[in-house]
Amino acid sequence: MRWLDRLEEVLIATLMAAATTLIFVAVVQRYALGLTADVVKFARGHEMEALSAAARSFYTSLRHVNLVWAQELCIIMFVWMAKFGAAYGVRTGIHVGIDVLINRLAPPRRKVMILFGLLAGAFFTGTIAIMGANFVRDMYHASSVSPDLELPQWMVYLAIPLGSSLMCFRFLQVAWNFYRTGELPHHDHGHVEGIEPEPDAGDLADGVDATGEAMIDSPLTPRDMTEDRKDR
């Protein structure tokens with residue numbers, strides 16, 4: 001399913017980049033209009049006709065760029081990005097989970113509880129997908145449109161059944177992999193893409209002082225519970 005993973009990542013990245021760029025352009029245009037209006041007032045007050053004429057011309061050109069729809073489109077893109085981003089989070093294991101009690105259980109019981117949680121997530125998102133599909137069907141027959149872009153509302157809300165269906169599939173995929181291998185997707189929040197870990201981490205043991213040793217041994221220091229001490 002690598003093609004689906006790639007499609008998911010490209011869709012999320014494209015929506016994020018497009019929404020960020022659009023917001024940036026809209027904000028720059030808004031502040032440029034205000035600044036240009038101040039320049040016109042200043043030029044008129046100091047009888048600088050050439051500057052006033054140039055500022056008025058630039059102001060008129062900016063006013064012709066209509067970005068009233070930008071906010072609505074950004075909201076729509078962020079909704080779609082959030083729905084598919086949630087599915088991506090299930091696949092990569094970046095969702096926050098409280099697993100202190102589960103990790104203290106015996107391995108067989110821990111496996112049962114984890115499978116129950118994953119299947120419950122699949123059931124919930126599957127239910128949302130079905131209800132969302134019914135809602136989109138009703139919106140399609142209602143023929144309502146969005147205020148600014150005048151897009152059909154069913155296209156906007158299509159993110160609910162599609163995103164929830166993908167999230168349901170990811171829950172089932174993770175559950176099946178965990179049932180077969182006993183492994184869950186794990187995301188290292190301290191890892192930065194493109195930066196290699198420092199070599200020979202075990203050689204750092206002699207250079208750790210008392211404060212560093214206490215921080216390493218502290219239960220508040222985040223680490224994978226199955227990971228061995230890197231300095232030993």
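The values are calculated or read from the model by the stated rules, or taken from the named source; none is laboratory data. As the structure is a computational prediction, the values presented were derived from the model and not from experiment. Neighbour counts run over all protein chains shown; Cβ positions are idealised from the backbone, glycine included.
Filter the range 4-57 for residues that are more than 30 Å from residue 162 (Cα to Cα) and either in contact with a strand residue (DSSP E or B) (Cβ under 8 Å, 6 or more places away or on another chain) or among the polar types (S, T, N, Q) (or both); which is surrounded by the fewest Cβ atoms within 10 Å (Cβ to Cβ)? Give the derivation first.
Keep residues of the range 4-57 that are more than 30 Å from residue 162 (Cα to Cα), which gives 27-57.
Checking which are either in contact with a strand residue (DSSP E or B) (Cβ under 8 Å, 6 or more places away or on another chain) or among the polar types (S, T, N, Q) (or both) leaves us with 29, 36, 52, 57.
Details: 29: 15, 36: 20, 52: 18, 57: 11.
Ranking the candidates gives 57 first.
With respect to the conditions (1) modelled with pLDDT under 95; (2) under 33 Å from the mean Cα position of the chain (by Cα); (3) among the hydrophobic types (A, V, I, L, M, F, W, C), residue 124 lacks only one, and its number is (1). Of the helices (runs of 4 or more DSSP H) lying entirely inside the range 1-106, those containing at least 1 residues that are touching a Pro at 6+ places or on another chain (Cβ under 8 Å) and not charged (D, E, K, R) are 70-92.
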